[in-house]
Structures are given as structure tokens and as C-alpha cells.
Amino acid sequence: MEPQAFFEKLKAYCAVPGPSGMEDAIRERILADILPSGASYEVDPLGNLLVFKRGRERRPYKLVVAAHMDEVGFLVTAVTDEGLLCFDAVGGVDRRVVSGRRVQFCKDGRTGVVASKSIHIQTPDEFGKCEPIADMRIDIGETDREGAEALVRIGDFAVFQPNYAEFGEGLVKSKAIDDRFGCAVLTDLIHSDLAYDTYFAFDTCEEIGCDGAKEVCHRLRPDVAVILESTTAGDVCDTPEGARACELRKGAVLSHMDGGTVYDKELLAFALRTAGEEKIPCQLKNIVAGGNEARAYQTSGTGARVLAISAPTRYLHSACCVAAKEDLLAVGRLTRAILERSLPLC
Amino acid sequence: MERIYELAKQLTALPGVSGDEQRALGQVRELLGGSFDETFCTPVSSFWGIRRSKNPSAGTVLLDAHLDTVGFIVTAVCDGGFLKVAPVGRIAEKNLSAAEVWIYGEKTIPGVFAAKPPHLQESGESEKKMSLSDFAIDTGYTRETLETLVRVGTYVGFKAEAERLNDHIAVSPSFDDRLCAAAHLRALELLGDEDVGLHIAFQFSAREEQGYKGAMTTAYRVDPDMAIVMDVGHAYVPGAPERRKTAVAGKGCLLSYAPQTSRALTVWAERVAKEEGVPVQPVAEPGRTGTNSNAVQTTRGGIPVCLLSVPLKNMHTANEVVDLRDARAAADLVAALLRRAAKEQEGLFRHGTASLL
């Protein structure tokens, strides 16, 4: 797919609300994109979308390429007498990126504002501090319980308001780049001419513990899982070089290890070699943190060999994830190059 | 209400961080010029316009709202395309992580306040007290390119659009104080071609957030006989002190009883509101009002000032929330005051009062 078309698709995917547990809309959108490819698919009971695409040849092992559909979001937990909404985060969200943001309710697109006591009426001990999410409230413009309950109920989902845009020099900015970017690469691959039979998994509920991927493993029993994701880039002002994890504009990120997974050494070496031969920029993640559904693929059933190919992304799990287009494209190219090859598995 | 929102939406889309109002003046003049017989821009970057009465010796009423907004100013351009900034006006740090901004450099570019993601944080980090010096704005540019676009002293403002939460509740950055300008302009529209027997001046004052500098100098230039200053006021929110329950969004515009306003005018305005059926909420402000009221009041030989406010939540954030019905009430009241001032406040407009000296 042409880069421009790819980023148009990414923009569309990022705009769809789909917090963990409510991936229906994004799955429908992805399904609409892959139907014309003729690939076979099924949706499992947990909402995972599994796709099988015939290649020119068979592999002696089963390989799945996975990305998760869900994004971090918010769940309404109570309505107050003043018509405000108590809520909690779905997935790991820093309270500080929530304060003062606008959110979009999934069921009707309604806008809510995370209320923020003005600095003028804060007490001095409140200055500079952010209250826990449990103490924040979403304002939907209602002033009493009846008014608010007529519009929103306990259990309703919301996400950060969509805001995809080009940013700076060759970057993009949006909510939910993690991991709609991976989904966009997968749909591209499904439409491409593949060397080998390949399974694709669009996982649910990664942000709350990879529950979707666990079921995918159970059904597919893959031998190899390649996870495409956004990984946190710490290349921001005042961060020492050794603590940056990875950096924008330095290519696809390959991991030895993260917060949940020790990656397969042979696959990692193979990926590095492939990137070198194909002259695809790549870098190694230099801290052990974060994690993705590789942990589920690696530990489910008899286990699978796992590889993660990631796009370095700043401000993950916020309303403004920032990623470099060249890195996003590099992940796509590297994944394609790996799928073209026969893997060195014993 | 629709018209006020439409006007406010146009005005909130304009730049104009305190000190950088010059950037907005051209568009302000374009948008508002048609409402006045003459318009001017002052050396301190305020805009003002006047609608003249047919009676050249008529008195002058001044309407005030401030043009400037809170924001930031660049203090350093850093490696990796980041900017360090200082605040312009009082801004809460707790809302800045991953907040979006406009950077008003050689061209206007978007920026995002950098935020450390949870994966890289140590435990307890999110509870710590933040200081603006801990933050940096990501521009997405390389340092080399960024240095051609931005320099120390470049202004930065919140980036968000005006939007309705429902029929009458709206959210936007810089409703403080662009919404009040919209309400004043709406009042003038309500008057239509009616000559109220007074010259009506409107000042869109610069630098309110920086010590009322625009208002004091523009009011000096206009030299009015009375003034109606309009700003936003803190609407009650849960958790705020009990005494703030006198200012509730949706219950009308606020009318300030304060040493920094004219009691006679305020009492009159409250009576007019009652007679015209306009909802108002009296509030008491014993010290500074935190608005242009004092700057206008103490211009020249002293100007009687009435201060109206529109209750607003989340002041000085990208999400200032208002009830448009309160802005409509303010517009209705200003229109009524303008219609009745020449007659009911005649004493204020007697020119040529003999000097006692």
C-alpha cells in the first residue's frame, strides 16, 4: 500500500473508539477492509478477529502475526447528585494525562470534559499536584443526577477524543496509535501476496492483561507469534540516553525482553539479520519495561516462539501518542521481509 | 444564544496570548469592524471601536472585555526539538501532560506537552508535585529546523476547538474572555440601529492577564463617562468553598458588589435586570476583582464601573466550560443598560462639570 493510503487508513483506525472490552466498532471497520481480500476469517467468543490468508507455499509450522485492536479508555463507575460522572481508567493510564482532557463516549460520540478545579480556587497544597483518577469527574454539561443518567449510565465506555494529525517533521500524533498502527500493518499484509500461509490475529483486551490473545493461542496453537505494537519511546527532553527505551526516527524496535516476555533469541537474531540485509532501519529496546500480548502467546498452551516488532512511540497511553512515519513504515517493511522468508526454526 | 456561540467560536479561534495580541488584531478588526463607525488599535495592542450617537455631545459608555488569553512563552529551544516554557498567566500544571498547544513562531505549529508514560515511571511518580520547569513541549521537529521557526520569546497557547456539550453548555479554551466580547457584541446587535443617545465604545483590551495594561490605557484613550466591564467568574464546582455557591452556571450572569465597582451602577443594573426579567446572581468581592474593573475605574478622573461576569468552570485551561444562557443573560442586560442609561443615569453624562479648583 502506498504510504499516503496507509496513513489515511491509520487515521481512520485511530478515530474509531475501541477501549478494551468494546472492540466491536474497530473490528467491524477492520473486517470491512479485509473482506475484499478473500481471506477467511472468524470472530471468536471474546471478540478476537482471526484471519487466515493462503500464501504461495505452506510452512511446516504455524505462524501468526498479531496486533491488538483495543486502546486505553475510561469506564463510568457512578453518577453524582451534581450530574458529574465518576470513572476509572481501562488499562494503564497516568492520572496526569487524564486531567483536563476531553473524552468521547463510545455509544453516541458525546463529548465529556474531565473537570479540573481552576488554579485560582485550589488550595496551596493542591498546587502542582494531580488528584487520583478516582477523584476526577467527567462533566457532560448536566447539573443533576436525572439529567446525567438520562444520557450516560454506569458501565458506559469513553476514550480520548480523536485527534489524528501530521506533526512536526514526518511525525504523526493521535490517540490509539497503540495499537491501531499494528492493525493497519496487518490489514495491508492481508491484502498482499504472501510467500507462505499466514494467520493474523486482531486481539482484544491487551491493555487489561492480554485476555484476548490467550484465547487466540488456545484456538490457533501457533508455533510462532510475531507481535506488532507501539512501544514506548522515552526520547524526550531531560531523559538520559540510557533510559529512553528507544527513539523516534531510528527505525523498527526489536526487544530482547520487556516487562512480560523474554523474546526468542533465534527469532530476534533472524529479525536483526533480515533488517540488515534489507537495509531496514531498526534498533534494540534498551530497557526492560512495558509489554504486550507476546507474554500471552509465549505462555499459552505449550508456548510459542515470539518476536515483537514495534514502532517507537512517545506518550503512549495518552491523548497524544507521537510516532514517526518512517518508523511505522519500517515496521511494515521488516514484517513483510520476515514473512517472505523461511524461518530458521529447529 | 446561537448567535453568541457563533461569535464566541469565531473569537476563540483567534490567537492572542497575553503580550502577543498583535497577532490577532487584523482578524479582530475584520470580524468586528462592521459593528462600529470607527475602529482603532492602540499601542498596547488593544482593539477598540465606537458607535456614535447622532447627538455629538452625547456621553460615552464603554464596554470592556479582554482580548488576551493565558498561555506560555518559550524560554529555551532544546535538543530533539523540544521547548522549555514559562507561564503567561496562572496555569495549573496538572493539566499539562499530553496537552496540545499552538506555537506561534515564524509559522504556527502544533505542539504536545511531553508526558512520561507509565511504563517508564517509577512507582509514586504521578503523585509528585509538578513544576512547569519539569515539562517540555514536543514539536516533532529536529532542533535545527525548530530553531528556524521558534526562538526564545515565542508565544504558545492552548490548542482545542470550541464545542457544544449539549444545547446550552459549551467548552473551549479562551472563553475567558472572548465569550464576554461575544456577549457585548451581541448586545450591540440587539440594539440594531437604535440610537440610545450615547456614544457606545467597545474595547477588546490587551494584557488583562498581565496586569490590566490594555484596559487602563485604552479606557484612558476612550475617556468614557461610565463603563460596563465583562469577564468570566468562577462557577461553583463540587469541592469549591461553600461561599462560591453564589455563582452557579446556568443561573444567570454575575453582578459584582465590590469596592472596585460602582455601587450605584450595580444597584441600578440589578434593578434593571429584575425589571427586564434577566437572571443575575449578585456576588461580593471585597478585594480585587481580578478583572479590568479596577483599571477602568481608576482611569483619568475615575470612571463608574459595573462588572458583569459569566460563570465559567475550569478557568485557564483548554476546557473552559460555560452555560451559554448566562452569556445571553449578560448580553440582554448590557443591551437593556445601554437603552436606559442616557435617561436613568443622566447625571453621569453631564459634560463640562465645573472644576472645583
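The values are calculated or read from the model by the stated rules, or taken from the named source; none is laboratory data. The model shown is predicted, which means the values in this text are computed figures rather than measured ones. Here Cβ is always computed from backbone atoms with ideal geometry, including for glycine, and neighbour counts include all displayed protein chains.
Listed values, structure above:
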{"quantity": "Residue match in the range B:161-178 (condition: surrounded by fewer than 17 Cβ atoms within 10 Å (Cβ to Cβ), more than 10 Å from chain A (Cβ to nearest Cβ) and in contact (Cβ under 8 Å) with a residue 24 or more places away in the chain)", "calculated": "no"}
{"quantity": "The range B:226-246: number of residues that are in contact (Cβ under 8 Å) with a residue 24 or more places away in the chain and within 11 Å of another protein chain (Cβ to nearest Cβ)", "calculated": "6"}
{"quantity": "Single residue of A:Thr274, A:Thr299 found to be more than 14 Å from chain B (Cβ to nearest Cβ), free of Cβ contacts under 8 Å to residues at least 24 places away in the same chain and either over 13 Å from A:Ser230 (Cβ atoms) or surrounded by fewer than 24 Cβ atoms within 10 Å (Cβ to Cβ) (or both)", "calculated": "A:Thr299"}
{"quantity": "Selection from the range A:21-54 of residues that are in contact (Cβ under 8 Å) with a residue 12 or more places away in the chain, farther than 12 Å from A:Val216 by Cβ, surrounded by 16 or more Cβ atoms within 10 Å (Cβ to Cβ) and in contact with a Leu (Cβ under 7 Å, 6 or more places away or on another chain)", "calculated": "A:Arg27, A:Ile30, A:Lys53"}
{"quantity": "Which numbered condition B:Ser57 misses (of (1) closer than 23 Å to B:Lys213 by Cα; (2) surrounded by fewer than 24 Cβ atoms within 10 Å (Cβ to Cβ); (3) hydroxyl-bearing (Ser, Thr, Tyr))", "calculated": "(1)"}
{"quantity": "Some residue of the range A:239-246 being of a type in the set (Gly, Ala, Ser) and at pLDDT 95 or above", "calculated": "no"}
{"quantity": "Within the range B:61-117, considering residues that are assigned to a strand (DSSP E or B) and of a type in the set (Ser, Thr, Tyr), the one farthest from B:Ala227 (Cα to Cα)", "calculated": "B:Thr75"}
{"quantity": "Selection within the range A:98-128 - within 20 Å of B:Gly290 (Cα to Cα) and part of a helix (DSSP H, G or I)", "calculated": "A:Ile119, A:His120, A:Ile121, A:Pro124"}
{"quantity": "Hey, B:Glu276 of a type in the set (Asp, Glu), in the same structural domain as B:Ala227 (by TED's automatic domain parsing) and under 16 Å from B:Leu333 (Cβ atoms) or not", "calculated": "yes"}
{"quantity": "Among the candidates B:Asp177, B:Asp79, residue that is farther than 19 Å from A:Gly100 by Cβ and assigned by TED's automatic domain parsing to the domain that holds B:Ala329", "calculated": "B:Asp177"}
{"quantity": "Lone qualifier among B:Ser133, B:Ser126 - being closer than 15 Å to B:Thr75 by Cα and either in contact with a Cys (Cβ under 7 Å, 6 or more places away or on another chain) or more than 9 Å from chain A (Cβ to nearest Cβ) (or both)", "calculated": "B:Ser133"}
{"quantity": "Some residue of the range B:57-71 being under 22 Å from the mean Cα position of the chain (by Cα), over 30 Å from B:Cys306 (Cα atoms) and more than 13 Å from chain A (Cβ to nearest Cβ)", "calculated": "no"}
{"quantity": "Some residue of the range B:247-263 being surrounded by 19 or more Cβ atoms within 10 Å (Cβ to Cβ), among the polar types (S, T, N, Q), in the same structural domain as B:Leu191 (by TED's automatic domain parsing) and assigned to a strand (DSSP E or B)", "calculated": "yes"}
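This table checks each residue for (1) more than 7 Å from every other protein chain (Cβ to nearest Cβ); (2) out of contact with any Gly (no Cβ under 6 Å at 6 or more places or on another chain); (3) at pLDDT 95 or above.
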| position | (1), (2), (3) |
| --- | --- |
| A:Gly83 | yes, no, yes |
| A:Asp88 | yes, yes, yes |
| A:Asp94 | no, yes, no |
| A:Gly109 | yes, yes, yes |
| A:Gly112 | yes, yes, yes |
| A:Ala115 | no, yes, no |
| A:Ser118 | no, yes, no |
